[in-house]
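Structure, as structure tokens:
The values are calculated or read from the model by the stated rules, or taken from the named source; none is laboratory data. Computed from a predicted structure; not experimentally measured. Because the Cβ atoms are built from the backbone with ideal geometry, glycine has one as well, and the counts that use them run over all protein chains shown. These area figures cover heavy atoms from the full protein model, side chains too; ligands, DNA and RNA do not enter into them. Shrake-Rupley method; radii C 1.70, N 1.55, O 1.52, S 1.80 Å.
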Amino acid sequence: MSYILMSVSGCKKYIDVNTNPNQPLDVAEAQILAPVEVALSSKLYAGNVAVIVQEYMQVAALNQVAPNAGTYLMYNTDMNDDWRTLYVNCLNNLVTLNVKAIADGKTNYAGIAKILTAYCLGTGTDLWGDIPYSQAFKGTANFTPVYDTQKDIYTTIQNLLDAGIADIAKNGTITPGGDDFFYAGDMIKWKKLAYTLKARYYMHLTKAPGYTAATQAQLALTALQNGMQSNDDDFKMAYGGAAGAENPWQQNFISASTIVMANTAVNGFKTRNDPRLTIMVAPATATGLYTGLGQGLTTIGQLEDYSRPGSFYGAAGATNYVVNYSEALFIKAEATLITSGYSSAQSIYQSAVLSHMTKLGVSTANANTYLASRALTSSNAEQLIIEEKGIANFLSLENFTDYRRTGYPVLPAVPNALSTVPRRVLYPQTEIISNPQPQQSAKLTDRLWWDVQ
């Protein structure tokens with residue numbers, strides 16, 4: 001009898017509990033950070049909109065007849081998942097991580113949350129322009145946050161990076177470990193990343209209304225004094241390559257996607273006699289040749305006749321280089337060009353190219369031969385710096401921003417294009433329905449605030 005009574009009592013107690021152990025209301029910082037980092041690398045850096053941008057930049061091409069993304073066809077619904085990635089998977093969780101880390105006194109986690117929030121805001125605003133932030137993340141208190149201006153978002157980015165650096169400077173004793181897939185809790189590298197991002201976002205505003213190139217360049221140079229110092233500082237995520245753990249770019253270029261490399265990019269390697277061709281581009285399976293697909297075609301070819309990214313970037317077990325040391329050097333070269341001229345920028349530019357070639361395993365002799373053919377002059381300096389930066393930033397959304405800022409690389413006209421090269425992406429249909437805002441009428445060819453002609 002006593003056994004039965006105990007059993008009933010225990011059952012009643014269990015029934016009275018209204019918490020689901022599979023849906024906890026509170027989790028530790030480590031359990032928030034890890035999935036956010038995966039979402040940032042796999043879905044924000046290398047997701048749907050990233051592939052579309054590669055088509056705009058003529059790095060990737062869709063083996064489907066026009067019109068398609070490569071001829072600048074986009075519907076608002078095409079951006080639904082990318083917006084969700086930015087706001088639900090990334091920003092919402094980072095805001096939660098920051099609040100929780102502050103409450104728990106885990107200043108290193110708080111610093112990381114702020115740095116990653118700045119990166120995500122930078123990615124979002126450079127794609128869409130004005131976006132919600134200051135009134136967002138309030139839950140039921142505000143379902144329809146107004147959009148912050150891009151100018152205000154850029155101020156917020158710099159403030160977040162400064163605050164993240166300050167958090168790290170508190171020298172908290174608790175640091176991430178295996179939950180930090182980027183730096184494994186190396187807070188010195190996180191601080192270098194923050195300063196490098198400060199320089200990146202300073203340079204985005206060289207032509208923005210009310211800003212001057214000289215001032216922004218000097219701010220960038222000052223920030224870079226504390227930025228990345230070697231390839232070891234790369235902000236990167238490695239993938240195991242097993243089923244379910246593939247690099248997302250390998251998945252983006254699998255046959256089912258019908259996406260291959262574009263001829264503009266592949267031919268560029270050939271025209272430059274670039275020793276990175278055989279590392280960054282894979283020969284076509286059917287022919288063994290390095291062949292890209294043209295944009296805007298009205299017929300389709302055989303997928304295996306075209307190249308895909310080489311194994312360094314495109315293998316199942318490849319690494320995503322989300323922000324890299326080479327970019328820091330190219331930022332320094334461009335900023336130096338602005339403040340001191342091409343002669344002063346020359347050695348920095350060469351170091352930037354070499355840093356990328358070293359990472360890829362290009363021999364010193366081949367690298368030097370290449371650099372001799374790509375020397376800066378007063379007339380080509382900006383173009384070469386941005387072109388080479390784009391190669392070192394292969395598959396990065398940052399190349400779309402640099403193109404809009406500088407006009408480089410020069411892209412040939414796409415046959416059957418529905419417009420000129422887009423200057424942004426469309427706001428998602430889900431946001432238009434749930435949170436109508438005047439900015440959402442923007443067209444692909446409308447310029448962002450900083451994108452001054």
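Candidates are the residues of the range 162-200 that are assigned to a helix (DSSP H, G or I), over 16 Å from L224 (Cβ atoms) and of a type in the set (A, V, I, L, M); the one that is most open to solvent (accessible area, probe 1.4 Å) is A169. In the range 99-115 there is no residue matching the filter, namely being open to solvent by less than 30 Å² (accessible area, probe 1.4 Å), not in a helix (DSSP H, G or I) and not basic (K, R). Checking each residue in the range 116-146 for being buried (at least 17 other Cβ atoms within 10 Å of the Cβ), assigned to a loop (DSSP other than H, G, I, E, B) and hydroxyl-bearing (S, T, Y) picks out only Y133. Give the residues of the range 35-60 that are small (G, A, S) and either more than 28 Å from D234 (Cα to Cα) or open to solvent by 20 Å² or more (accessible area, probe 1.4 Å) (or both), sorted by residue number. Once the filter is applied, which keeps residues that are small (G, A, S) and either more than 28 Å from D234 (Cα to Cα) or open to solvent by 20 Å² or more (accessible area, probe 1.4 Å) (or both), the range 35-60 yields only S42. Do the conditions hold for G139, that is, is it at positive phi and in contact with a helix residue (DSSP H, G or I) (Cβ under 8 Å, 6 or more places away or on another chain)? So G139 does not fit the description; no. A Cβ distance below 8 Å, combined with a sequence gap of six or more or placement on separate chains, defines the contacts here; from the range 282-297, residues that are surrounded by fewer than 19 Cβ atoms within 10 Å (Cβ to Cβ) reach residues that are acidic (D, E) and at pLDDT 95 or above in the pairs T285/E304; A286/E304; A286/D305; T287/D305.
For the range 128-187, the set of residues classified as of a type in the set (A, V, I, L, M), modelled with pLDDT of 95 or more and over 18 Å from the mean Cα position of the chain (by Cα) consists of A136, V146, A163, I165, A166, I168, A169, I174, A184, M187, listed by residue number.
Are any residues in the range 429-447 crowded, with 16+ Cβ neighbours inside 10 Å and either closer than 25 Å to G296 by Cβ or small (G, A, S) (or both), and if so, which ones? Of everything in the range 429-447, those that are crowded, with 16+ Cβ neighbours inside 10 Å and either closer than 25 Å to G296 by Cβ or small (G, A, S) (or both) turn out to be A442, L444.
Within the range 240-257, the set of residues being open to solvent by 30 Å² or more (accessible area, probe 1.4 Å) and outside any helix (DSSP H, G or I) comprises G240, A242, A243, G244, A245, E246, I254.
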